[in-house]
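These notes concern the structure reproduced below.
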Amino acid sequence: MDKNGEDQFKFSGELLRKIFNSLSAHIAIIDEDGFILETNQAWKKFSFANGLSDNFNFNQMNYLSVCEATSGEDIKDARAVALGIRQVIKHEIDEFLYDYPCHSPDSPRWFYMRVVLMAEDGPLKIIISHEDVTQLKLAEEALKENQKLLEDKNQSLNESNIALKVLIRQREDDKAEMEKRFLSNVKTLILPYIDKLRQGRLNEKDRTLVNILDEHLHEIISPLMQNLNNAGIMLTPQEIQVASLVKDGKTTSEIADILFISEATISFHRKNLRNKLGLKNRPANLRSFLLSMS
């Protein structure tokens, strides 16, 4: 090798050494028996920070033996790592990946391990790297916590929605019960006394007032009125009165006498009712149609 070749080889070796020691991952190179051949500065720095002396010789350390001799709470991870390394050495797998906790007394820590064969001729060598993934793990934990909070809030909203539906249903039931009670009270506590008044000796004016009161009460409690509203049919107050009286079988003359308006006006209202109810060009009987809506 000439001088230029020697200089280039020396430069390449120094560059690779600098790159090796500049990496943030903790890297060790071991032989096929598990003995450590080389470590980078990140590996040494981490080891010294966690209890090893500054003059500790990693080349006398068998990484596989340390993993397989581990006991206590770390035994599961250590045995899994040892098995994975041996599988790479035997060419059973191309690479071994493993993430594990390595908490310190001061804070939680997680590492991501990768084991691969070194691509070079000569004796088999294995590269082991440990990358600190604590921030990623903490972010994952925070994401899981936020997701749990969102699920809890969603559950709470679903429960509130169910409770609200129950309250609305109860309100509708209460409303229906109140309407039923109101109708029952009018029919049992008011209408019988109106009938008694009508049977008594009343002058024409008082009898007319009683009849009007009776008709108005029937208009209030008549299901027909509610059905007309539900169907979206807009009637004037007098059309509602005429519709109620027609349904009760009153003639045009009788309705005119009750409402103190002319028969022509009643006929006009009856015509409007047929138009609004869709009976304009149909032979259907107005009273029969109104009764069918009750």
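The values are calculated or read from the model by the stated rules, or taken from the named source; none is laboratory data. Small disclaimer: the values here were computed from a predicted structure and weren't measured. Don't worry about glycine lacking a Cβ; one is built from the backbone with ideal geometry, like all the others, and counts go over all protein chains shown.
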**Report entry** Glu92 surrounded by 15 or more Cβ atoms within 10 Å (Cβ to Cβ) and charged (D, E, K, R)
**Finding:** no
Query raised in the report: For Ala119, all conditions in the list (1) among the aliphatic types (A, V, I, L, M); (2) modelled with pLDDT under 85; (3) touching a strand residue (DSSP E or B) at 6+ places or on another chain (Cβ under 8 Å) hold save one; what is the number of the exception?
Result: (3)
Query raised in the report: When region 245-289 is examined, which residues are found to be under 22 Å from Ile220 (Cβ atoms) and aromatic (Phe, Trp, Tyr)?
Result: Phe260, Phe289
Query raised in the report: Residues of region 254-282 being small (Gly, Ala, Ser) and farther than 20 Å from Ile212 by Cβ, which ones?
Result: Ala264, Ser267, Gly278
Report summary line: Among Asp33, Asp54, the single one that is more than 49 Å from the chain's Cα centre (by Cα) and over 18 Å from Ile128 (Cα atoms) is Asp54
Query raised in the report: From the set of residues in region 115-126 that are assigned to a loop (DSSP other than H, G, I, E, B) and of a type outside the set (A, V, I, L, M, F, W, C), which is nearest to the chain's Cα centre (by Cα)?
Result: Glu120
Query raised in the report: Which of the following residues is under 19 Å from the mean Cα position of the chain (by Cα), aliphatic (A, V, I, L, M) and part of a helix (DSSP H, G or I): Leu149, Leu138?
Result: Leu149
Query - Considering residues of region 229-242 that are more than 42 Å from the chain's Cα centre (by Cα), assigned to a helix (DSSP H, G or I) and modelled with pLDDT under 85 only, the residue surrounded by the fewest Cβ atoms within 10 Å (Cβ to Cβ) - result: Pro237
Query raised in the report: Of (1) part of a helix (DSSP H, G or I); (2) at pLDDT below 75; (3) in the same structural domain as Pro283 (by TED's automatic domain parsing); (4) surrounded by 14 or more Cβ atoms within 10 Å (Cβ to Cβ), Gln226 satisfies all except one. Which?
Result: (4)
Query raised in the report: Within region 283-293, which residues are free of Cβ contacts under 8 Å to residues at least 24 places away in the same chain and closer than 24 Å to Asp214 by Cβ?
Result: Ser288, Phe289, Ser292
Query raised in the report: Among helices (runs of 4 or more DSSP H) lying entirely in region 18-114, which contain 1 or more residues that are under 23 Å from Glu140 (Cα atoms), modelled with pLDDT under 90 and touching an Asp or Glu at 6+ places or on another chain (Cβ under 9 Å)?
Result: none
Report summary line: Flagged in region 96-134 as surrounded by fewer than 14 Cβ atoms within 10 Å (Cβ to Cβ), closer than 23 Å to Asn21 by Cβ and free of Cβ contacts under 8 Å to residues at least 24 places away in the same chain, in numbering order, are Ala119, Glu120, Gly122
Query raised in the report: For the subset of region 283-294 comprising residues that are surrounded by fewer than 17 Cβ atoms within 10 Å (Cβ to Cβ) and in contact with a helix residue (DSSP H, G or I) (Cβ under 8 Å, 6 or more places away or on another chain), which member is modelled with the highest pLDDT?
Result: Arg287
